[in-house]
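Asker: Before anything else, here's the structure in question.
Bear in mind that the values in this text are calculations on the coordinates, not laboratory data. Predicted, not measured: the structure shown is a model, and the values here were computed from it. Here the Cβ positions follow ideal geometry from the backbone for every residue, glycine too, while neighbour counts run over all protein chains shown.
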Amino acid sequence: MRISASFALLLAIPALHAGVFSSDEPSSPSSQNVKCVYSGTDGNCVEPVLKTGKELVITVIGQGVAPSITASPAQAYALAKRAAMADGYRQIAERVKGVQVEGQDTIKNMMLQQSSTRTSVEALVRGANLLNTSFKEGLCEVEMEIALSYSKVSE
């Protein structure tokens, strides 16, 4: 899985065909932003639609755990923060591009012998902002957001 610190316009093209972006319904100045808070575990985020004149803000919370053996508390913090940021970028990519899921089951004598599932996402993320970082008891959480606008992705 390759995720960069940049959000490419390439992310928008497949989403245009998937119905994420819509140019109908002009927006009023009071409804310029649509906010979607998505942590990846609550499932309460409603699929927003990006429309002309509006900005879609996707906010995620990435989590990372410090390794049990580190040379110093500073190293533990740095590694946990790096993992949390990678998780945040992955969540942003999943929200924008979607997730590819592959599954395989092995059945013998009408009984399930083995089951495996593989998920992947491939995207380039540009323009994500780090809003907040917290670290306690070896767990680092970073709040990240990215703002999408129809004019940026339709160029």
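Asker: Let me know the charge dipole size of region 112-152 about its Cα centre in debye, to the nearest 20, where only the beta-carbon of Lys, Arg (+1) and Asp, Glu (-1) is charged.
Answerer: Taking the Cα centre of region 112-152 as origin, the dipole is about 180 debye.
Asker: Report ³J(HN,Hα) in whole Hz for each residue of region 121-134, in order, from the Karplus equation J = 6.51 cos²θ - 1.76 cosθ + 1.60 where θ = phi - 60°; Gly and Pro get x.
Answerer: 9, 10, 7, 10, 10, 10, x, 7, 9, 8, 8, 8, 9, 10
Asker: What residues qualify as long-range amide H neighbours of LEU148, i.e. H under 5 Å apart, gap of 5 or more or another chain, H built at 1.01 Å from N?
Answerer: Counting only residues 5 or more places away or on other chains, the set is LEU56, VAL57, ILE58.
Asker: If amide hydrogens are placed 1.01 Å from N in the peptide plane, which non-local residues have theirs closer than 5 Å to the one on ALA128?
Answerer: PHE7
Asker: Return one quarter of the surface area of the convex hull spanned by the alpha-carbon atoms of region 67-155, equal to its mean projected area, in nm².
Answerer: Approximately 9.7 nm², given one-decimal rounding.
Asker: Please list 3J(HN,Hα) in residue order for region 86-98, calculated via the Karplus relation 6.51 cos²θ - 1.76 cosθ + 1.60 where θ = phi - 60°; whole Hz, with x for glycine and proline.
Answerer: Going residue by residue, I get 4, 5, x, 4, 4, 5, 4, 4, 4, 5, 8, 9, x Hz, with x marking Gly and Pro.
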